[in-house]
1. Going by the conditions given, is V60 farther than 24 Å from P139 by Cα, β-branched (V, I, T) and outside the structural domain of L248 (by TED's automatic domain parsing)?
2. Would you confirm whether or not the stretch 108-127 contains a residue that is modelled with pLDDT of 95 or more, in contact with a Ser or Thr (Cβ under 8 Å, 6 or more places away or on another chain) and part of a helix (DSSP H, G or I)?
3. Give just the number: which of (1) closer than 19 Å to L122 by Cβ; (2) modelled with pLDDT of 90 or more does M44 not satisfy?
4. List pairs: first in the stretch 282-293 and outside any helix (DSSP H, G or I), second surrounded by 14 or more Cβ atoms within 10 Å (Cβ to Cβ) and at pLDDT below 85, Cβ under 6 Å, 6+ apart or cross-chain?
5. Among the residues of the stretch 282-293, which ones are surrounded by fewer than 17 Cβ atoms within 10 Å (Cβ to Cβ), in contact with a helix residue (DSSP H, G or I) (Cβ under 6 Å, 6 or more places away or on another chain) and at pLDDT 80 or above?
6. Within the stretch 177-201, track down each residue that is farther than 14 Å from L163 by Cβ and either more than 17 Å from the chain's Cα centre (by Cα) or at pLDDT below 85 (or both).
7. Please enumerate the residues belonging to the stretch 92-103 that are at pLDDT 95 or above and either out of contact with any Pro (no Cβ under 7 Å at 6 or more places or on another chain) or closer than 16 Å to G46 by Cβ (or both).
8. Looking only at the stretch 87-96, decide whether some residue is in contact (Cβ under 8 Å) with a residue 40 or more places away in the chain, buried (at least 18 other Cβ atoms within 10 Å of the Cβ) and not in a strand (DSSP E or B).
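The values are calculated or read from the model by the stated rules, or taken from the named source; none is laboratory data. What you are looking at is a predicted structure, and each value in this text was computed from that prediction instead of being measured. Glycine also receives a Cβ, built like all others from the backbone with ideal geometry; neighbour counts cover every protein chain displayed.
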Amino acid sequence: MKTDELFHEYFQIAPQALFELLQFTPGCAYRFSSPVVKASEKRMDGLFEPSEAGYPRFFVEVQGYSDPSIYWRMVGQVALYHEQRPHLNGNDWKAVIIFLDTAFDPGPDTLGTLYDANVDWLIRGELSNWLARVPTPSPILNVLRPLTARNEEEVRKEGSNWLKAMRQLPDLDEATLVRLLTLLIQFVSEKFTYLTRKEIEAMLKLTPFEETVAGKEWMAEGRQQGLQQGLQQGLQQGHLKSKRESILEVLEARFGKRSKTVVNRLKKIEELDTLSALLKQASIVNSIIEFEQTLMKPIKTQG
């Protein structure tokens with residue numbers, strides 16, 4: 001699993017983490033998604049959408065490698081997103097680029113005359129600096145600390161404390177804690193690729209239950225495996241919700257509105273393969289009515 005996919009999972013679980021990093025107090029709740037920009041078929045790292053009108057959207061890019069065009073790529077994605085949604089014209093938005101290392105930042109001056117030091121639409125910085133400047137960081141941010149560790153000894157020394165603080169969060173249910181724990185382990189694996197799963201478990205001083213869960217997760221072998229049944233169900237529901245939302249976003253981008261009939265029928269579909277096939281249909285139908293008719297027919301999926 002790549003780092004950007006891990007961040008996608010992390011922000012789905014804890015969207016408040018972004019605003020804590022930015023030391024920004026949002027005026028309303030935000031929903032995280034990772035929409036596909038239709039023209040490029042490029043999926044954004046993240047989009048934070050406000051639950052109420054009048055608040056900015058936050059477009060987020062996590063940059064873990066050198067790309068001299070990262071700023072232009074971000075601007076291009078934001079532009080395409082708005083081009084496909086003219087009803088958002090005039091709405092406020094922010095672009096956030098999180099660099100995992102300052103060496104990956106080519107500088108905003110690559111935007112030429114588009115960039116001005118006083119612009120407020122661009123927020124950029126290195127993850128380690130943002131973590132360091134948060135006055136009283138929430139333990140939720142501990143999930144990201146392996147990515148800023150100077151060496152494995154730092155993880156060995158502090159890792160168990162990171163987990164201890166997370167376990168003591170009063171409003172964190174067990175399933176969510178397990179998902180965050182798994183992400184923490186995977187971030188350690190991403191940072192120190194030469195460590196085995198057992199070595200990482202020992203570094204973090206996991207409980208027997210946590211070792212069992214972690215043992216089922218993708219680690220050095222590079223593939224993700226199953227979690228305990230309750231966690232699998234939670235992840236499955238998250239994937240289903242994301243797929244349904246993608247279908248609605250495509251229809252809205254093409255036809256300028258959402259259909260209540262489509263929304264209600266999609267909620268009843270519990271198979272990812274079926275939703276994936278419907279997502280393809282959403283991009284080729286000629287109207288929302290035609291898509292509604294498609295929902296009434298058996299959907300062919302790839303075997």
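1. Considered against the rule, which asks whether it is farther than 24 Å from P139 by Cα, β-branched (V, I, T) and outside the structural domain of L248 (by TED's automatic domain parsing), V60 comes out as no.
2. The answer is yes; a qualifying residue exists.
3. Looking at each condition in turn, M44 falls short on (2).
4. Close Cβ pairs (under 6 Å, with a partner that is surrounded by 14 or more Cβ atoms within 10 Å (Cβ to Cβ) and at pLDDT below 85) amount to S283/V250.
5. E292
6. Once the filter is applied, which keeps residues that are farther than 14 Å from L163 by Cβ and either more than 17 Å from the chain's Cα centre (by Cα) or at pLDDT below 85 (or both), the stretch 177-201 yields S189, K191, F192, T193, Y194, L195, T196, R197, K198, E199.
7. W93, K94, A95, V96, I97, I98, F99
8. Taking the stretch 87-96 as the starting set, the residues that turn out to be in contact (Cβ under 8 Å) with a residue 40 or more places away in the chain are 87, 96.
In the following step, the residues that additionally are buried (at least 18 other Cβ atoms within 10 Å of the Cβ) were identified as 96.
Subset that is not in a strand (DSSP E or B): none.
No: zero hits.
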